[in-house]
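A short reminder: the numbers here are calculations on the coordinates, not readings from a lab. No experiment lies behind these values; they were computed from the predicted model shown. Here the Cβ is made from the backbone with ideal geometry for all residues, glycine too, and neighbour counts use every protein chain on show.
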Amino acid sequence: MPFLVTELDGLDPKDLKQGDEVNIICGTPINDLIMPLFGPLREDVEDESILLAPEDITWPRLLAKLQCFPSASQAAKNWKAQKKDLEIEPGFSGPLSIGKARKIRIWVWKVIPE
């Protein structure tokens, strides 16, 4: 099963529904690491999707793009209230479950620049 790689800006957040998992790579991916980090692929999904985001994207901007919050400023306010860092740290993190009305799980790999 191949990965379907899409730019974050190409995502229509309305397509995300309760229980969905979102795989995100921040920066230029290293192809040999995609499968070990995001695999094994789920058998119930024909094409596993990975979203490419800019290397400098922050949690608030990412969560607003996914429409977990109405805006990046609202996401930042919520994120700070939880004493979380606004920057996405290099490396692999997840799953992060977020949302009340539409809970999704987010896996993020911020590529460590060489």
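With an 8 Å Cα cut-off and a minimum separation of 6 or more residues, compute the relative contact order for the chain in percent. Walk me through the intermediate numbers first.
Working: 180 pairs, mean separation 39.8, N = 114.
So the answer I get is 35 percent.
In sequence order, what are the phi-derived ³J(HN,Hα) couplings for the range 81-97 according to the Karplus relation 6.51 cos²θ - 1.76 cosθ + 1.60 with θ = phi - 60°, rounded to whole Hz, with x for glycine and proline?
4, 8, 6, 9, 6, 6, 7, 7, 6, x, x, 10, 9, x, x, 10, 8
I need the phi-derived Karplus couplings for the range 53-69: 6.51 cos²θ - 1.76 cosθ + 1.60, θ = phi - 60°, integer Hz, Gly and Pro marked x.
Values, residue by residue: 10, x, 4, 8, 5, 9, 4, x, 5, 5, 5, 5, 4, 7, 6, 6, 9 Hz.
Quick check: from the Cα gyration tensor, does the chain come out rounded (a/c under 1.5), prolate or oblate? Mind dumping the intermediate values first?
Details: a/c = 1.83, a/b = 1.26, b/c = 1.45.
Because a/c hits 1.5 or more and a/b fails to exceed b/c, the chain counts as oblate.
For the chain, what is the calculated [θ] at 222 nm in deg cm²/dmol (nearest 500), taking -39500 (n - 2.57) for each run of four or more DSSP H residues and dividing by its residue count? Can you show the working numbers first?
On the way: 3 runs with 25 residues, N = 114.
Theoretical 222 nm ellipticity from helices: -6000 deg cm²/dmol.
Which far-off residues, 5 or more places away or on another chain, put their amide H under 5 Å from the one on Ile88, with H placed in the peptide plane?
Trp59
Taking the mean number of other Cβ atoms within 10 Å as a proxy for protection, how do you rank 8-17, 52-61 from highest to lowest? Show your work: numbers first, answer last.
Values: 8-17: 11.7, 52-61: 17.8.
Ranking, from highest mean packing down: 52-61, 8-17.
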